[in-house]
Amino acid sequence: MRIIEMKDLKFSYNNHFTLYIDELYVEKGEFVSIIGPNGSGKTTVLKLLTMIEKKDKGKIIINDKNIEKYSKKELFKEISVVPQEFYTSFDFTVESIISSGRIPYETLFSRREYEFLNKIMEKTDTLKFKDRIYNYLSGGEKQRVMLTRALAQDTNVLLLDEFVSQIDPGYTQQLVRMVKNESIQKNKSILSIFHDINLASLYSDRIYIFKEGIIKYHGKPEEVITQKIMKEIYDIDCIITYHPIKNKPQVIFEY
Ligand SMILES: Nc1ncnc2c1ncn2[C@@H]1O[C@H](COP(=O)(O)OP(=O)(O)OP(=O)(O)O)[C@@H](O)[C@H]1O
């Protein structure tokens, strides 16, 4: 069953940049990635799915319902987002940012809620700095907080925009595994933007490759992560090797 579906879509920022999507979908329990060069339209896809921008043409269906039929509150019971950057002009603590993930549910502050949040903070290792001011955290710590907030929102769909781009290798592995487990164990649907092609290839069921506002390629990692396609999309000279355990393509620079 398709949880997200975008069809025959057109969107333009004042005719400056135009995104065309003939078809993009995410099935229930699938881990799907979007990769592509800077400015190819990846984040714009997430902005359309979260009502930050409004499509000019086409269809966006989330959980069998047209996006226009959702109120923002209803939508955020279905979808949680880890944005590329998150700014706040107030000195919120980490704990208050994370608990804002519960706002769509209007839950009262209870012992159960408190334990639920603590458990998620423990999983992402953010509990130890829950009383610190979010604005003063390092880039990687902020990304961990935003992922924790999204997990606290506990939705069927997770949209991730380069969610580990500033995170060290240890936490990267831990957090990507955690997200993968959300899809495998809880049947959640993941749509994640990556610049790290090898991470996308290792963890994704399918990959969309964007360039200049269109989907150039789409398929399983072994179908789209090829030397020829990498050259065409990124103009890189690379060698493709295969992961010794998962047998997924991995890109290494020629030199
Ligand atoms: N609010 C806006 N108004 C006008 N142009 C915009 C706006 N937001 C983004 N753009 C432009 O639209 C294009 C696509 O941007 P988008 O953020 O979707 O790219 P991206 O593929 O996510 O890039 P990156 O890998 O650098 O994050 C870019 O050329 C960008 O400058």
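The values are calculated or read from the model by the stated rules, or taken from the named source; none is laboratory data. Worth saying up front: this structure is predicted, and the values here are computed from it rather than measured. As a convention, Cβ positions derive from the backbone with ideal geometry for all residues, glycine included, and neighbour counts pool all protein chains shown. These area figures cover heavy atoms from the full protein model, side chains too; ligands, DNA and RNA do not enter into them. Shrake-Rupley method; radii C 1.70, N 1.55, O 1.52, S 1.80 Å.
Quick look at the numbers
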item	result
Scan of segment 158-173 for residues that are open to solvent by 10 Å² or more (accessible area, probe 1.4 Å) and either of a type in the set (K, R) or touching a helix residue (DSSP H, G or I) at 6+ places or on another chain (Cβ under 9 Å) (or both), ordered by number	E162, V164, S165, Q166, I167, D168, Y171, T172
Matching residues, segment 207-229, being β-branched (V, I, T) and buried (at least 17 other Cβ atoms within 10 Å of the Cβ)	I207, I209, I215, V224, I225
Residue match in segment 179-188 (condition: open to solvent by 10 Å² or more (accessible area, probe 1.4 Å) and part of a strand (DSSP E or B))	no
Filtered residues of segment 176-217 (kept if free of Cβ contacts under 8 Å to residues at least 40 places away in the same chain and either within 30 Å of R149 (Cβ to Cβ) or touching a Ser or Thr at 6+ places or on another chain (Cβ under 7 Å) (or both))	V176, R177, N181, E182, Q185, K186, D196, L199
I236 vs. criteria modelled with pLDDT of 95 or more, open to solvent by less than 20 Å² (accessible area, probe 1.4 Å) and within 28 Å of L19 (Cβ to Cβ)	no
Residue satisfying condition, being over 20 Å from the mean Cα position of the chain (by Cα) and either open to solvent by less than 40 Å² (accessible area, probe 1.4 Å) or aromatic (F, W, Y) (or both), within set F31, F86, F76, F90	F90
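Quick grid of which residues meet (1) open to solvent by 20 Å² or more (accessible area, probe 1.4 Å); (2) within 21 Å of V145 (Cα to Cα); (3) more than 16 Å from the ligand (Cβ to nearest atom):
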{"position": "Y13", "(1), (2), (3)": "yes, no, no"}
{"position": "T43", "(1), (2), (3)": "yes, yes, no"}
{"position": "K57", "(1), (2), (3)": "yes, no, yes"}
{"position": "K69", "(1), (2), (3)": "yes, no, yes"}
{"position": "G101", "(1), (2), (3)": "no, yes, yes"}
{"position": "P104", "(1), (2), (3)": "no, yes, yes"}
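Yes/no matrix, rows are residues, columns are (1) within 14 Å of the ligand (Cβ to nearest atom); (2) of a type outside the set (D, E, K, R):
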residue	(1), (2)
L137	no, yes
K142	no, no
A150	no, yes
R206	no, no
F210	yes, yes
Y217	no, yes
